[in-house]
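One structure follows; several queries about it will come next.
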Amino acid sequence: MGSFDMDDRKNYVSSNFECAMKTEIGIGLTGFGIFFSVLGVMFFFDKGLLAMGNILFLSGVMLTIGLKSTMQFFMKRQNYKGTMAFGLGFFLVLFGWPIMGMILESYGFIMLFRGFWPTLSVFVQRIPIVGWVFQLPFVTSVTILGALNFIFKFNKHSFS
């Protein structure tokens, strides 16, 4: 076995630092992407803001989890529908059809992250001050999370 000299330690610390910086920059870009997308919707589907939000979001995801993991996620067999809808919506926004593009992107986003919605539902219900509101039966059945749960239960038994 060789010794762990000073140059090896510097390279190890440097590579960990670079990886952490890429992740932090990726999270920041993802956040700015979401911010610009929300701003674009608030300003009546402004094409420029929506396109910038899309580009920042995708580049942030790629920096956060890595290019290989991003490609593997989007190319999974069960994610093809969501990937196609999100990609087509992305290009529709870039080419000047922001409303139709955002509708397709939203559908694609929901389909891509459909496995994450139950986790999000549990997280929202455990928020200290307002979580109890989301635990009420009426709210659970009416909220978007309840609607998404109904849709995905319905889709499992239909055309898939």
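Among 45-53, 74-82, how do they line up by average Cβ neighbours within 10 Å per residue, starting with the highest? Working shown, then result.
Working: 45-53: 18.6, 74-82: 13.4.
Packing proxy ranking, top to bottom: 45-53, 74-82.
Using 0.36 nm per residue of separation minus the Cα-Cα distance, give me the extension gain between F123 and V41 in nm, one decimal.
Value of the extension gain: 26.9 nm.
Values quoted throughout were computed directly from the atomic coordinates according to the rules given, and no laboratory measurement underlies them. Computed from a predicted model, the values in this text were never measured in an experiment. Heads up, the Cβs are rebuilt from the backbone with ideal geometry, glycines too, and the neighbour counts pull from every protein chain shown.
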